[in-house]
Amino acid sequence: VEIDQNASYTDAGATATDAVDGSVEVVTSGSVDTTAAGTYTITYTATDTSNNSASVSRTVGVLGPKTRILNVFTNGAVDSTWDEGFNGADSGISWDNCSNDGGQGCPNLAWALVNDPDRGQVIQIEHSSAGQHAIFYIKTSDPQNLSVYKGGQIKFDIKTISGDSNYTMKIDCVYPCTSGDRSLGTMGQNGWEEISINVDDLVDAGLSLVSIDTGIVIWASQYTDTVFQIDNIRWEDTDGGEEPEDPVGG
(Lines give C-alpha, C1' and ligand atoms only; values in the text may rest on other atoms or scores of the structure.)
Protein backbone atom coordinates (compact mmCIF):
# COMPACT_ATOMS: atom_id res chain seq x y z
CA VAL A 1 0.00 0.00 0.00
CA GLU A 2 1.22 3.53 -0.78
CA ILE A 3 -0.22 6.70 0.71
CA ASP A 4 0.79 10.35 0.65
CA GLN A 5 2.45 11.90 3.66
CA ASN A 6 -0.08 13.36 6.15
CA ALA A 7 -2.96 11.43 4.54
CA SER A 8 -5.25 9.41 6.79
CA TYR A 9 -4.60 5.66 6.90
CA THR A 10 -6.91 2.90 8.12
CA ASP A 11 -5.34 -0.52 8.09
CA ALA A 12 -7.31 -3.21 6.25
CA GLY A 13 -6.32 -5.89 8.78
CA ALA A 14 -6.29 -9.64 8.02
CA THR A 15 -8.32 -12.77 8.71
CA ALA A 16 -7.23 -16.35 9.38
CA THR A 17 -8.96 -19.71 9.08
CA ASP A 18 -7.71 -22.99 10.56
CA ALA A 19 -8.70 -26.42 9.15
CA VAL A 20 -9.67 -27.64 12.66
CA ASP A 21 -10.46 -24.52 14.68
CA GLY A 22 -12.17 -22.55 11.94
CA SER A 23 -11.81 -18.79 12.31
CA VAL A 24 -8.72 -17.86 14.32
CA GLU A 25 -7.95 -14.57 16.04
CA VAL A 26 -5.33 -12.40 14.34
CA VAL A 27 -2.87 -10.36 16.39
CA THR A 28 -1.57 -7.23 14.62
CA SER A 29 1.82 -5.65 15.34
CA GLY A 30 3.53 -2.61 13.89
CA SER A 31 2.26 0.88 13.10
CA VAL A 32 2.29 3.52 10.38
CA ASP A 33 3.40 7.11 11.05
CA THR A 34 1.70 9.08 8.29
CA THR A 35 3.58 12.26 9.26
CA ALA A 36 6.97 10.79 8.33
CA ALA A 37 7.88 9.53 4.87
CA GLY A 38 9.23 5.98 4.88
CA THR A 39 8.34 2.31 4.65
CA TYR A 40 6.40 0.62 7.45
CA THR A 41 5.57 -3.06 8.02
CA ILE A 42 2.39 -4.35 9.66
CA THR A 43 2.57 -8.02 10.71
CA TYR A 44 -0.49 -10.26 11.26
CA THR A 45 -0.06 -13.43 13.30
CA ALA A 46 -2.61 -16.22 13.86
CA THR A 47 -2.18 -19.11 16.34
CA ASP A 48 -4.49 -22.13 16.58
CA THR A 49 -5.32 -24.14 19.71
CA SER A 50 -2.45 -26.56 18.95
CA ASN A 51 -0.05 -23.59 19.07
CA ASN A 52 0.65 -23.64 15.35
CA SER A 53 1.36 -20.11 14.11
CA ALA A 54 1.43 -18.38 10.76
CA SER A 55 2.24 -14.77 9.90
CA VAL A 56 1.84 -12.47 6.90
CA SER A 57 2.82 -8.85 6.53
CA ARG A 58 1.73 -5.73 4.69
CA THR A 59 4.20 -3.04 3.62
CA VAL A 60 2.93 0.54 3.74
CA GLY A 61 4.92 3.24 1.95
CA VAL A 62 4.35 6.81 3.13
CA LEU A 63 5.37 9.01 0.20
CA GLY A 64 7.03 12.35 0.87
CA PRO A 65 6.37 15.49 -1.18
CA LYS A 66 7.07 15.11 -4.89
CA THR A 67 9.05 17.70 -6.83
CA ARG A 68 7.21 19.23 -9.76
CA ILE A 69 9.62 20.21 -12.55
CA LEU A 70 9.13 22.23 -15.73
CA ASN A 71 12.25 21.95 -17.84
CA VAL A 72 13.42 24.86 -19.97
CA PHE A 73 16.76 23.55 -21.26
CA THR A 74 18.11 20.18 -20.09
CA ASN A 75 20.14 17.36 -21.62
CA GLY A 76 21.15 19.52 -24.55
CA ALA A 77 17.63 20.41 -25.69
CA VAL A 78 14.88 22.98 -25.17
CA ASP A 79 11.69 21.54 -23.69
CA SER A 80 8.74 21.51 -26.13
CA THR A 81 6.86 24.01 -23.96
CA TRP A 82 9.26 26.71 -25.15
CA ASP A 83 8.49 26.34 -28.84
CA GLU A 84 10.09 29.64 -29.95
CA GLY A 85 13.48 28.39 -28.77
CA PHE A 86 16.59 30.60 -28.46
CA ASN A 87 16.20 34.33 -28.93
CA GLY A 88 18.08 37.58 -28.49
CA ALA A 89 17.15 41.23 -28.19
CA ASP A 90 19.78 43.86 -28.97
CA SER A 91 20.03 47.58 -28.29
CA GLY A 92 22.19 47.85 -31.41
CA ILE A 93 19.09 47.21 -33.55
CA SER A 94 16.70 49.28 -31.40
CA TRP A 95 15.87 46.26 -29.26
CA ASP A 96 14.63 44.27 -32.20
CA ASN A 97 14.80 40.48 -31.91
CA CYS A 98 16.84 37.72 -33.52
CA SER A 99 15.45 34.21 -33.25
CA ASN A 100 17.00 30.75 -33.62
CA ASP A 101 19.80 32.12 -35.78
CA GLY A 102 22.71 31.92 -33.34
CA GLY A 103 22.54 35.70 -33.03
CA GLN A 104 23.30 36.47 -36.66
CA GLY A 105 20.64 39.17 -36.59
CA CYS A 106 21.94 40.66 -33.32
CA PRO A 107 25.18 42.65 -33.69
CA ASN A 108 26.14 42.41 -30.01
CA LEU A 109 25.06 38.89 -29.06
CA ALA A 110 25.76 35.36 -30.27
CA TRP A 111 24.90 31.91 -28.97
CA ALA A 112 25.53 28.29 -29.86
CA LEU A 113 25.27 24.78 -28.46
CA VAL A 114 28.77 23.64 -27.47
CA ASN A 115 30.02 20.39 -25.99
CA ASP A 116 31.01 20.26 -22.32
CA PRO A 117 33.17 17.21 -21.54
CA ASP A 118 31.09 16.34 -18.46
CA ARG A 119 27.62 17.53 -19.45
CA GLY A 120 27.30 17.17 -23.18
CA GLN A 121 25.72 20.08 -25.04
CA VAL A 122 25.21 23.36 -23.16
CA ILE A 123 24.31 26.88 -24.30
CA GLN A 124 27.21 29.27 -24.83
CA ILE A 125 26.41 33.00 -25.01
CA GLU A 126 28.84 35.67 -26.16
CA HIS A 127 28.63 39.45 -25.77
CA SER A 128 30.48 41.65 -28.25
CA SER A 129 33.19 44.17 -27.36
CA ALA A 130 31.05 47.13 -28.47
CA GLY A 131 29.60 47.88 -25.03
CA GLN A 132 26.03 47.58 -26.29
CA HIS A 133 23.33 45.97 -24.15
CA ALA A 134 21.85 42.69 -25.43
CA ILE A 135 19.92 39.85 -23.75
CA PHE A 136 19.36 36.13 -24.38
CA TYR A 137 16.04 34.40 -23.70
CA ILE A 138 14.08 31.18 -24.23
CA LYS A 139 10.47 31.81 -25.23
CA THR A 140 7.06 30.24 -25.84
CA SER A 141 4.36 31.38 -28.27
CA ASP A 142 1.73 30.09 -25.83
CA PRO A 143 1.95 31.99 -22.50
CA GLN A 144 1.91 29.53 -19.62
CA ASN A 145 -0.04 29.62 -16.36
CA LEU A 146 2.72 28.64 -13.92
CA SER A 147 0.86 29.47 -10.71
CA VAL A 148 1.69 25.99 -9.39
CA TYR A 149 5.30 27.15 -9.08
CA LYS A 150 4.42 29.85 -6.55
CA GLY A 151 6.71 29.13 -3.61
CA GLY A 152 9.17 27.29 -5.85
CA GLN A 153 12.44 28.16 -7.54
CA ILE A 154 13.92 28.77 -10.96
CA LYS A 155 17.22 26.91 -11.11
CA PHE A 156 20.07 26.76 -13.60
CA ASP A 157 23.82 26.26 -13.80
CA ILE A 158 26.25 28.87 -15.11
CA LYS A 159 29.94 29.01 -15.96
CA THR A 160 32.05 31.97 -17.09
CA ILE A 161 34.38 31.22 -19.97
CA SER A 162 35.90 34.71 -20.20
CA GLY A 163 35.16 38.28 -19.23
CA ASP A 164 33.22 39.70 -16.29
CA SER A 165 31.27 37.17 -14.17
CA ASN A 166 28.42 39.41 -13.02
CA TYR A 167 25.04 38.41 -14.41
CA THR A 168 21.44 39.64 -14.44
CA MET A 169 18.25 37.71 -15.16
CA LYS A 170 14.50 38.20 -15.31
CA ILE A 171 11.30 36.44 -16.35
CA ASP A 172 8.70 38.02 -18.64
CA CYS A 173 4.94 37.55 -18.57
CA VAL A 174 3.87 39.03 -21.95
CA TYR A 175 5.27 42.52 -22.55
CA PRO A 176 5.18 44.86 -20.70
CA CYS A 177 4.62 42.45 -17.79
CA THR A 178 7.93 41.39 -16.23
CA SER A 179 9.70 40.55 -12.99
CA GLY A 180 12.15 43.37 -13.61
CA ASP A 181 15.89 42.88 -13.62
CA ARG A 182 17.38 40.74 -10.87
CA SER A 183 21.12 40.97 -10.26
CA LEU A 184 22.79 37.62 -9.61
CA GLY A 185 26.14 39.08 -8.63
CA THR A 186 29.37 37.24 -9.40
CA MET A 187 28.66 33.65 -10.42
CA GLY A 188 30.42 30.85 -12.24
CA GLN A 189 33.88 32.36 -12.33
CA ASN A 190 35.45 29.20 -10.91
CA GLY A 191 33.48 26.65 -12.91
CA TRP A 192 29.89 25.46 -12.97
CA GLU A 193 27.74 26.97 -10.22
CA GLU A 194 24.04 26.41 -9.54
CA ILE A 195 21.76 29.42 -9.17
CA SER A 196 18.38 29.22 -7.43
CA ILE A 197 15.90 32.11 -7.66
CA ASN A 198 12.77 32.18 -5.49
CA VAL A 199 9.71 32.57 -7.70
CA ASP A 200 7.94 34.51 -4.95
CA ASP A 201 10.67 37.17 -5.06
CA LEU A 202 9.97 37.68 -8.75
CA VAL A 203 6.23 37.83 -8.09
CA ASP A 204 6.81 40.48 -5.44
CA ALA A 205 8.71 42.46 -8.08
CA GLY A 206 5.74 42.39 -10.48
CA LEU A 207 5.78 38.99 -12.22
CA SER A 208 2.36 37.53 -13.07
CA LEU A 209 2.50 33.74 -13.03
CA VAL A 210 -0.62 33.28 -15.16
CA SER A 211 0.99 34.48 -18.40
CA ILE A 212 4.67 33.46 -18.43
CA ASP A 213 6.20 33.61 -21.92
CA THR A 214 9.92 33.25 -21.19
CA GLY A 215 11.53 30.38 -19.32
CA ILE A 216 14.56 32.55 -18.62
CA VAL A 217 16.05 35.87 -19.73
CA ILE A 218 19.75 36.39 -18.94
CA TRP A 219 22.74 38.54 -19.83
CA ALA A 220 26.16 39.56 -18.55
CA SER A 221 25.61 42.68 -16.44
CA GLN A 222 28.53 44.49 -18.08
CA TYR A 223 27.49 43.10 -21.52
CA THR A 224 30.98 43.54 -22.94
CA ASP A 225 33.46 40.83 -23.94
CA THR A 226 31.85 38.18 -21.73
CA VAL A 227 31.44 34.56 -22.82
CA PHE A 228 29.44 32.28 -20.54
CA GLN A 229 27.57 28.98 -20.56
CA ILE A 230 24.25 27.94 -19.03
CA ASP A 231 22.70 24.52 -18.55
CA ASN A 232 20.03 22.55 -16.70
CA ILE A 233 17.46 25.39 -16.69
CA ARG A 234 14.19 24.44 -14.97
CA TRP A 235 11.35 25.59 -12.72
CA GLU A 236 10.86 23.48 -9.57
CA ASP A 237 8.24 23.25 -6.86
CA THR A 238 7.06 20.70 -4.32
CA ASP A 239 3.52 19.29 -4.36
CA GLY A 240 1.27 20.94 -1.83
CA GLY A 241 1.40 24.42 -3.31
CA GLU A 242 -1.58 26.43 -4.48
CA GLU A 243 -3.68 25.27 -7.39
CA PRO A 244 -3.31 27.28 -10.62
CA GLU A 245 -5.32 30.45 -10.87
CA ASP A 246 -7.56 30.96 -13.87
CA PRO A 247 -5.99 33.38 -16.33
CA VAL A 248 -7.90 36.60 -16.84
CA GLY A 249 -10.60 35.88 -19.37
CA GLY A 250 -9.92 32.14 -19.14
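The values are calculated or read from the model by the stated rules, or taken from the named source; none is laboratory data. Source: prediction; values computed, not measured. Cβ sites come from the backbone with ideal geometry, for glycine too, and all protein chains shown count toward neighbours. These accessible areas exclude ligands, DNA and RNA; they are computed on the full protein's heavy atoms, side chains included. Shrake-Rupley method; radii C 1.70, N 1.55, O 1.52, S 1.80 Å.
Excluding residues on the same chain fewer than 8 positions from Lys170, give the aspartates and glutamates whose Cα lies under 17 Å from its Cα.
Straight-distance partners of Lys170: Asp90, Asp157, Asp181, Glu194, Asp200, Asp201, Asp204, Asp213, Asp231, Glu236.
Name the most mobile residue of Ser31, Ser141, Ser179, meaning the one with the largest mean-square fluctuation, in a Gaussian network model of the chain with Cα contacts below 10 Å.
Ser31
Just by accessible area at a 1.4 angstrom probe, what is the order of Lys150, Lys66 from largest to smallest?
Largest accessible area first, the list is Lys66, Lys150.
In the Gaussian network model of the chain, springs joining C-alpha atoms below 10 Å, which of Tyr167, Tyr40, Tyr223 carries the largest mean-square fluctuation?
Tyr40
Given the options Ser165, Ser211, Ser57, which has the most mean-square fluctuation in a GNM of the chain, springs set between C-alpha atoms less than 10 angstrom apart?
In this elastic network of the chain, the residue with the biggest mean-square fluctuation among Ser165, Ser211, Ser57 is Ser57.
Taking every DSSP beta bridge with both residues inside segment 1-62, roughly what % is antiparallel (nearest 5)?
Taking every DSSP beta bridge within segment 1-62, about 90 percent pair in antiparallel fashion.
Listed highest first by mean packing, meaning other Cβ atoms within 10 Å per residue, what order do 187-194, 199-206 come in? Walk me through the numbers before you get to the answer.
On the way: 187-194: 14.4, 199-206: 16.1.
Answer by packing, highest mean first, reads 199-206, 187-194.
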